[in-house]
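Participant: Starting off with a structure, shown below.
The values are calculated or read from the model by the stated rules, or taken from the named source; none is laboratory data. In this text, all values refer to a predicted model and were calculated from it rather than measured experimentally. Because the Cβ atoms are built from the backbone with ideal geometry, glycine has one as well, and the counts that use them run over all protein chains shown. To get the accessible areas, we keep the full protein, side chains included, count just its heavy atoms, and leave off ligands, DNA and RNA. Shrake-Rupley method; radii C 1.70, N 1.55, O 1.52, S 1.80 Å.
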Amino acid sequence: MADMEVMNMVSSGSYRPNFNLLLLILLQLGLKLYTVGGMWPLPQTFTSSTERYPLNPQTFYFGYGGQSAAQQGCSVLDAAFKRYFSLIFPDYISASVVLRFNEDKLFTLEITVDHNDCDSYPNEDSSEKYNMNVSARHASLHAETVWGALRGLETFSQLVYQDDFGAYFINRTEIEDFPRFPFRGILLDTSRHYLPVQAILKTLDAMAYSKFNVFHWHIVDDPSFPYQSRTFPDLSSKGAFHPMTHVYTQSDVRRVISYARLRGIRVLPEFDTPGHTKSWGKGQPDLLTPCYKGGIPSGTFGPVNPVLPSTYRFMAGLFKEVSSVFPDSYIHLGGDEVDFSCWRSNPDIRAFMKKMGFGDFTKLEAFYIENIVNITNALKKTSIVWQDVFDYHERRSSLSVVEVWREGCYLCEVRRVVKAGLKVILASPWYLDKPGPTHNWSRYYNVWPLAFTGTEEQKKLVIGGEVCMWGEYVDSTNLNQRLWPRASAAAERLWSDEKETSNVEKALPRLQDFRCKLLRRGIQAEPLYIGYCRHEYQGV
């Protein structure tokens, strides 16, 4: 009874408890003492002690260091402070009772950055390195850029934990951290199923929690053309599933890019040609190749027609617009899975090939891609292509970045690409839409991107990897469950030291803890196995 009396006094705030006495009471009541859970992805170097400090949301402050190049008014960090306050203290607004110790003492998280990138966009060279030190009543976070500061804020938010009474704590900690690979992407396919903007924004939130930094927007494809072009409005008005409800307006695209920027995420658009373009033909006459059967047009259409000058005038106009809308220096040109049967059937195509001395259709596709690369080069954009283009391209010096996606010995393909002196993005092992046991996250964790024979310089050409979520069977009803937490397995592989993160059994408790964090943050991440989270998903 005496114990309950003390607890009532504590809850009402009329008693300032002795901490040792409180620990004794907690042990008597059989309540669990929560400590910091594992961080995800694991930092490069990380030391933590059992010495812990209470955090009070009413006396917790973010601040800029005196030597910081960014100060109050920095759009990226000011927005991040508001966002992370809610993530660090998730039930502060709704909590009726929170234990508070040392109420008169402030705790400040001081951020110092070397460069003022507050008004810029993250790019392929942006540093995400940060150092953090947590001690009594003070934590310091130092980064070269605001993008590194964002990664450090995410780590800090994962260090904070609560006890059974809702009190917040953080342990003494020192961290030096940086990503293993600079390109850590997630592809969403918004053509096969339209994804509402809100679903994309929620994915960007979850990406930031796992320290992904590239949103590869596979925005159009055969089934639909939802991108609403200013220059060619018929592409979406005739090619989208619905011209009003299933399109991304210019305002929608700006919103996604802005939302991503504030989370340190690049937006990489993909306009895949010459195949995967059936929806394009509905709004752009004479763009696609007419197919023939028995010497006469069959009424069907194949890939983009690569022999007409009008094709390249149209592409130049479209990519000029795309380059102005999407600020990133990279653009994905696709180039995969081109069906040559329609080109083969068309007499004009065959006549052009004979004139040009093209012995097979891969040379015709290479001719087309080279023209598109020249267009994007003139717009000062770096082109990414799927591996198919590399496989048939003889003049590989015109290529820059190759994305390896096919199954089989994908590291053999990686080795071939880097031997040619080109950069590589690895996607093959991270196709999360593939059939198979969705709970088997370890298959995405046990991936070794550099396990091929090559020089150090060649291995540096592997700039990262990408999780691909194709949309045949995915829309906003199951997107989060399909992605998370399996995509987080790839996130750790792309961020953390491989030697420290090669054991699935050791990683599982951390991933389980991180999955619970995702649930509490409103991300419907699938369960890894039997178990529970203190804060189950509430449908927020």
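Participant: (1) more than 19 Å from GLU526 (Cβ to Cβ); (2) of a type in the set (A, V, I, L, M, F, W, C); (3) open to solvent by less than 50 Å² (accessible area, probe 1.4 Å): which one isn't true of CYS468, the others all being true?
Facilitator: (1)
Residue by residue, here is whether (1) in a loop (DSSP other than H, G, I, E, B); (2) under 19 Å from the mean Cα position of the chain (by Cα); (3) among the acidic types (Asp, Glu) holds:
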residue: GLY454; (1), (2), (3): yes, no, no
residue: GLU472; (1), (2), (3): yes, no, yes
residue: ALA487; (1), (2), (3): no, yes, no
residue: ALA490; (1), (2), (3): no, yes, no
residue: ALA507; (1), (2), (3): no, no, no
residue: ARG515; (1), (2), (3): no, yes, no
residue: GLN524; (1), (2), (3): yes, yes, no
residue: PRO527; (1), (2), (3): yes, no, no
residue: CYS533; (1), (2), (3): yes, no, no
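Participant: Answer yes if at least one residue in region 155-171 is under 17 Å from the mean Cα position of the chain (by Cα) and buried (at least 17 other Cβ atoms within 10 Å of the Cβ), and no otherwise.
Facilitator: Yes, because at least one residue in region 155-171 is under 17 Å from the mean Cα position of the chain (by Cα) and buried (at least 17 other Cβ atoms within 10 Å of the Cβ).
Participant: Let me ask you something else. Does region 259-297 hold any residues that are among the aliphatic types (A, V, I, L, M) and in a helix (DSSP H, G or I), and which are they?
Facilitator: Of everything in region 259-297, just one residue is among the aliphatic types (A, V, I, L, M) and in a helix (DSSP H, G or I), namely ALA260.
Participant: Now, a different point. For the subset of region 226-280 comprising residues that are open to solvent by 60 Å² or more (accessible area, probe 1.4 Å) and basic (Lys, Arg), which member is farthest from PHE301 (Cα to Cα)?
Facilitator: Filtering region 226-280 for residues that are open to solvent by 60 Å² or more (accessible area, probe 1.4 Å) and basic (Lys, Arg), the one farthest from PHE301 (Cα to Cα) comes out as ARG255.
Participant: Inside region 279-302, can you point out the residues that are touching an Asp or Glu at 6+ places or on another chain (Cβ under 7 Å) and under 12 Å from SER345 (Cα atoms)?
Facilitator: The answer is GLY302, and nothing else.
Participant: Further, regarding this structure: Can you name every residue in region 405-435 that is assigned to a strand (DSSP E or B) and free of Cβ contacts under 8 Å to residues at least 40 places away in the same chain?
Facilitator: Within region 405-435, VAL424, TYR431 meet the criteria.
Participant: Being closer than 23 Å to ALA136 by Cα, in a loop (DSSP other than H, G, I, E, B), in contact with a Lys or Arg (Cβ under 7 Å, 6 or more places away or on another chain) and not acidic (Asp, Glu): is that true of PRO43 here?
Facilitator: no
Participant: Of all residues in region 370-382, which are closer than 16 Å to GLU394 by Cβ and in contact (Cβ under 8 Å) with a residue 40 or more places away in the chain?
Facilitator: ASN371, VAL373
Participant: Then there is this: May I ask you to list the residues in region 492-505 that are over 22 Å from ASP205 (Cα atoms), in contact (Cβ under 8 Å) with a residue 24 or more places away in the chain and part of a helix (DSSP H, G or I)?
Facilitator: GLU498, GLU500, THR501, VAL504
Participant: How many residues does region 123-138 contain that are closer than 25 Å to ARG184 by Cβ and of a type in the set (S, T, N, Q)?
Facilitator: Here the count works out to 4.
Participant: Just a yes or no: is a residue in region 425-442 modelled with pLDDT of 95 or more, in contact with a Phe, Trp or Tyr (Cβ under 9 Å, 6 or more places away or on another chain), over 27 Å from ARG192 (Cβ atoms) and surrounded by fewer than 22 Cβ atoms within 10 Å (Cβ to Cβ)?
Facilitator: No, because not a single residue in region 425-442 is modelled with pLDDT of 95 or more, in contact with a Phe, Trp or Tyr (Cβ under 9 Å, 6 or more places away or on another chain), over 27 Å from ARG192 (Cβ atoms) and surrounded by fewer than 22 Cβ atoms within 10 Å (Cβ to Cβ).
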